[in-house]
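Visitor: Have a look at the structure that comes next, please.
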Amino acid sequence: MHFAECPLILFTIMVQMAVGAFLFLGVIHHLSLVRLNDEIFTVISKPILNVTGFILVLAVIVAGFHLGNPINAFNALNNLGTSWLSREILSLILFLLSGGFFLLIYIRHKLNRKLIFSLALITVALGYIAIASMAMVYMLETVPVWNNLFTPLAFVFTSLILGSGAILHALNIIINKKKYSLLLNEFSIQKLTDPFKIISLFILGLLFFQVIIMFSQLIYLGSGDETLRSSFGILIEKNILLIILRLLLLLSAFLWLISLLVKYNRTRDLLLKRKYYALYFGILLLEELIGRYLFYAMYFRIGV
Amino acid sequence: MKKQYAFYIDTSRCSGCKACQAACNDKHNTGNGILWRRVYEVSGGDWIRKGNAWLPQVFAYNISMACNHCEDPICVKTCPTKAIYQRKDGIVLIDENKCIGCRYCEWSCPYGAPQYDSNKGVMTKCTFCYDYINEGKNPSCVDACPMRVLEFGEFKELKKKYGELAEVYPLPDSSITKPALVINPHKDSLNKPDIYLAISNKEEV
Ligand code: SF4
Ligand code: SF4
């Protein structure tokens, strides 16, 4: 892997996490909406949306570091006809615009709820279209190791795992902030903990499948044709320790979450234990960074 | 019919002297480790059983490779800026004023043709010496070869003269980009799936 790929690791992870976070914030909102005061939710989700926006802006800046000649960057949309890279950039711009528009409207929360809901849906859809185009960029006929279902799977899983992890972590921080805890009475905290539980169960499933995907991909590469086996060779010879570390991290995130859920059943106060979720999110972030590093490391093109 | 310039390489004669590579560097002043034309040294072999004896059967050959100005160039399709474009005569060029240096073409081209210039931050590659062709001269590499391995010309005519082979190990399946390339194969380069062979000068190319 070239050092030059570092910006791409960060860029893809940040965009995918932001899209996932936006999705899960919506899901939590929806799940708690029935009983939780709309205004309270707006107050706590505003900082989360701001941070998400900040991460996206940062991602775009980081992507600029990948370019040898960023001055020409405005040319990047020239080839929408055949280049998935152009299409990726376009869909990302649309996602950013829609997200920005959503934020503008959401801040004035007196506005029509239906409008906000549809805007949120459009933004999520655009986000996943951007992630799909991102996957298409890598699915090159000349790079068989990327040209398969594992690429979009990896990107979508990053978005779901990190997006949900980031939201749990962020809500956890907010609930523990004095400013907000005054606003949130016992009752509304209780309402927030229900979605926490549902989402945590969902993530457990995701983590489980992530492990299955990792093993299936290794089997797929190891039993494939010559080029696939070359990539497999690169992974095993040079990166086996990272693969093992990644598995261990996945496993610990899995166990950590289970232990949280078990304890949480006894007392919802767990939600107030801030560092638990911070650690959990940190583990996942590291796991996904390693996963993306390996994704670029296994690059192997046919031909010379 | 559309014009299409092409290269002919006679790998059976190539001695691996790299005069073509040097002439190209010289003509285009590439520097910075950039090789628009590269000579791949392929070697392989195994112990073969004959009666009661095990005999070594080893071989080596060279392939001189630049951009093949493909008929269906994957680089042109993937480049987001249209910096890479194909002229009416089939020559594929990079417009450095448009290139953003994303290196996507380098990822996709199976011939290793696009070469990144880290000083300029843009991609560069073989231009087929179109300036020489305009003047009625041969591309620099063609004239430099002491073994007369390289030739260039109209793709149709080269095919008529030398046949249609456009892939030998380690080149990719020619149906992917339809390279404007005609090869006269070295006798050992024709598929030997059961014998070990590999590019032996990887650090050089
Ligand atoms: S050899 Fe590579 S760079 Fe040259 S035209 Fe074909 S795909 Fe493009
Ligand atoms: S590096 Fe330049 S020529 Fe190559 S794909 Fe990117 S913009 Fe196009």
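Visitor: How large is the accessible surface per residue of the stretch B:95-205, computed with a 1.4 Å probe and reported in Å² as a whole number?
Guide: Details: 5340 Å² over 111 residues.
Accessible area per residue, the stretch B:95-205: 48 Å².
Visitor: Cα centroids of the stretch B:130-175 and the stretch A:81-106: how far apart, whole angstrom?
Guide: So the separation of the two Cα centres works out to 45 Å.
Visitor: Rounded to the nearest 100 Å², what's the accessible area chains A and B bury against each other, both chains counted, probe 1.4 Å?
Guide: Details: alone 15380 and 10770 Å², together 23680 Å².
Summed over both sides, the interface buries about 2500 Å².
Visitor: So what's Rg/Rh here for the stretch B:44-100, counting alpha carbon atoms and using the Kirkwood radius for Rh? All intermediate terms of the calculation are to be shown ahead of the outcome.
Guide: Working: Rg = 21.9 Å, Rh = 15.1 Å.
Ratio value, two decimals: 1.45.
Visitor: Something else now. Using only atoms on other chains, find how many Cβ atoms lie within 10 Å of each Cβ of peptide A:80-87 and report the average.
Guide: So the per-residue partner count for this stretch is 5.
Visitor: Counting pairs of alpha carbon atoms under 8 Å apart in space and at least six apart in sequence, what relative contact order in percent does chain A give?
Guide: Values: 304 pairs, mean separation 80.5, N = 304.
Here the relative contact order equals 26 percent.
Visitor: In a shell of Cβ-Cβ distance under 10 Å around B:Cys105, excluding B:Cys105 itself, what net charge do Lys and Arg (+1) and Asp and Glu (-1) give?
Guide: Details: positive: B:Lys77, B:Arg103, B:Lys125; negative: B:Glu106.
Taking every Cβ under 10 Å from that of B:Cys105, the sum is +2.
Visitor: Ok, one more. At 1.4 Å probe size, with no ligands or nucleic acids counted, give the accessible surface of B:Lys82 in Å², nearest ten.
Guide: 100
Visitor: I'd like the distance between the alpha-carbon centres of the stretch A:226-241 and the stretch A:122-156, rounded to an integer number of Å.
Guide: 22
Visitor: While we're here: With no solvent and one point per C-alpha, what does the Debye sum give as log10 I(q)/I(0) for chain B at q = 0.11, 0.13, 0.15 Å⁻¹?
Guide: Evaluating at q = 0.11, 0.13, 0.15 Å⁻¹ gives log10 I(q)/I(0) of -0.52, -0.72, -0.94.
Visitor: Calculate one ³J(HN,Hα) per residue across the stretch A:204-219 by plugging θ = phi - 60° into the Karplus curve 6.51 cos²θ - 1.76 cosθ + 1.60, and present them in order as whole Hz with x for glycine and proline.
Guide: 4, x, 4, 4, 4, 5, 4, 5, 4, 4, 4, 5, 4, 5, 4, 5
Visitor: A further question on this structure: So how exposed is B:Asp173, as accessible area in Å² (1.4 Å probe, rounded to 10)?
Guide: Here the accessible area works out near 80 Å².
Visitor: Of B:Tyr116, B:Tyr85, which has the most accessible area and how do the rest follow, probe 1.4 Å?
Guide: Values: B:Tyr116 45, B:Tyr85 95 Å².
From most exposed to least exposed: B:Tyr85, B:Tyr116.
Visitor: As I understand it, the dipole of the stretch A:3-297 uses +1 on the Cβ of Lys and Arg and -1 on the Cβ of Asp and Glu, about the Cα centre. Which of A:Val60, A:Ile203, A:Val27 lies farthest toward its positive end?
Guide: Toward the positive end, the furthest listed residue is A:Val27.
Visitor: Accessible area per residue for the stretch B:1-83 in Å², computed with a 1.4 Å probe and the full protein assembly in place, what is it?
Guide: Details: 3740 Å² over 83 residues.
So the stretch B:1-83 comes to 45 Å² accessible per residue, rounded to a whole number.
Visitor: Each label point is 7 Å from the Cα along the Cα-to-Cβ direction; what then is the distance between the points at A:Met139 and A:Ile71, in nm?
Guide: A separation of 3.7 nm, rounded to one decimal place.
Visitor: Heavy-atom accessible area per residue, chain A, 1.4 Å probe: how many Å²? The partial results should precede the final answer.
Guide: On the way: 14120 Å² over 304 residues.
On a per-residue basis, 46 Å².
Visitor: Roughly how large, in nm² to one decimal, is the mean projection of the convex hull of the alpha-carbon atoms in the stretch A:43-135?
Guide: Working: hull surface 27.3 nm².
If you wrap the Cα atoms of the stretch A:43-135 in a convex hull and average its projections, you get 6.8 nm².
Visitor: Given Cα positions, please report Rg to Rh for the stretch B:1-77, the hydrodynamic radius being the Kirkwood one. Mind dumping the intermediate values first?
Guide: On the way: Rg = 18.2 Å, Rh = 15.7 Å.
My calculation puts Rg/Rh at 1.16.
Visitor: Each residue of the stretch A:8-23 in turn: what ³J(HN,Hα) in whole Hz from Karplus with 6.51, -1.76, 1.60 and θ = phi - 60°, glycine and Pro shown as x?
Guide: 5, 4, 5, 4, 4, 5, 5, 5, 5, 5, 4, 4, x, 4, 4, 4
Visitor: Which of B:Lys18, B:Lys137, B:Lys178 moves the most in a Gaussian network model of chain B with Cα springs under 10 Å?
Guide: Of B:Lys18, B:Lys137, B:Lys178, the most mobile in the Gaussian network model is B:Lys137.
Visitor: If you roll a 1.4 Å probe over chain A with all protein chains in place, what percent of the accessible area is carbon or sulfur? Spell out each step's value before the answer.
Guide: On the way: 10270 of 14120 Å².
Here it works out to 73 percent.
Visitor: From the phi angles alone, apply the Karplus equation (6.51, -1.76, 1.60; θ = phi - 60°) to the stretch A:68-80 and give each ³J(HN,Hα) in whole Hz, x where the residue is Gly or Pro.
Guide: Rounded to whole hertz, the list is x, 9, x, 4, 8, 3, 4, 6, 5, 9, 4, 10, 4.
Visitor: Beyond a 26 Å Cα-Cα separation, which of these cross-linked pairs lie in this structure: B:Lys18/B:Lys98; B:Lys3/B:Lys187; B:Lys88/B:Lys137; B:Lys159/B:Lys202; A:Lys114/A:Lys191? It would help to have the intermediate numbers written out before the result.
Guide: Working: B:Lys18/B:Lys98 32 Å; B:Lys3/B:Lys187 31 Å; B:Lys88/B:Lys137 19 Å; B:Lys159/B:Lys202 30 Å; A:Lys114/A:Lys191 22 Å.
Over 26 Å Cα-Cα: B:Lys18/B:Lys98; B:Lys3/B:Lys187; B:Lys159/B:Lys202.
Visitor: In µm²/s, what is D for the protein assembly as shown at 10 °C and 1.306 mPa s, where D = kT/(6 pi eta Rh) by Stokes-Einstein and Rh is the Kirkwood radius from Cα pairs? The partial results should precede the final answer.
Guide: Details: Rh = 25.9 Å.
Translational D for this selection: 61 µm²/s.
Visitor: Related question: Once you sort the root eigenvalues of the Cα gyration tensor of the stretch A:3-297 as a ≥ b ≥ c, which label holds: rounded (a/c under 1.5), prolate (a/b larger than b/c) or oblate (the other case)? Write out the running numbers ahead of the final one.
Guide: Numbers: a/c = 2.31, a/b = 1.33, b/c = 1.74.
Since a/c reaches 1.5 but b/c is at least a/b, the shape of the stretch A:3-297 is classed as oblate.
Visitor: Tell me the carbon and sulfur percent of the accessible area for chain B, rounded to whole percent, probe radius 1.4 Å.
Guide: Working: 4670 of 9560 Å².
Here carbon and sulfur together make up 49 percent of the probe-accessible area.
Visitor: With +1 on the Cβ of every Lys and Arg and -1 on the Cβ of every Asp and Glu, and nothing else charged, how large is the dipole of the protein assembly as shown about its Cα centre, in debye rounded to the nearest 20?
Guide: Numbers: 50 positive and 37 negative charges, 339 e Å.
That gives the protein assembly as shown a dipole magnitude of about 1640 debye.
Visitor: What lysines does A:Lys197 reach when the alpha-carbon gap must be under 26 Å and sequence neighbours fewer than 8 apart in one chain are set aside?
Guide: The reachable lysines, counting only those whose Cα sits under 26 Å from A:Lys197, are A:Lys46, A:Lys177, A:Lys178, A:Lys179, A:Lys263, A:Lys273, A:Lys275.
Visitor: Summarise the partner chain shielding of B:90-100 as one whole number: the mean count of Cβ atoms from other chains within 10 Å of each residue's Cβ. The partial results should precede the final answer.
Guide: Numbers: counts 0, 0, 0, 0, 0, 1, 2, 3, 5, 5, 14.
For this peptide, the per-residue mean of nearby foreign Cβ atoms is 3.
Visitor: Considering the zone a paramagnetic label at B:Ser12 would reach in this model (a point 7 Å from Cα along the Cα-to-Cβ line), which residues of the stretch B:135-151 have amide N under 15 Å from it?
Guide: Correct set: B:148-150.
Visitor: Within 10 Å, Cβ to Cβ, of B:Ala6, how many net charges do the neighbouring residues add up to if Lys/Arg are +1 and Asp/Glu are -1? Don't jump to the answer; show the numbers that get you there.
Guide: Values: positive: B:Lys156, B:Lys159; negative: B:Glu71, B:Glu151, B:Glu154, B:Glu157.
Neighbour charge sum, excluding B:Ala6 itself: -2.
Visitor: On C-alpha positions alone, give me the angle between the axis of helix A:274-297 and the longest principal axis of chain A, in degrees, nearest 10.
Guide: 20
Visitor: Continuing with the same structure: How large is the accessible surface of B:Trp47 in square angstrom, using a 1.4 angstrom probe and rounding to the nearest 10?
Guide: Looks like 150 Å² after rounding.
The values are calculated or read from the model by the stated rules, or taken from the named source; none is laboratory data. Note that the structure is a prediction, hence the values are computed from the model and not measured. Note: ideal-geometry Cβ built from the backbone for every residue, glycine included; neighbour counts use all protein chains shown. Ligands, DNA and RNA are stripped out before the accessible areas are found, and what is left, the full protein with its side chains, is counted by its heavy atoms. Shrake-Rupley method; radii C 1.70, N 1.55, O 1.52, S 1.80 Å.
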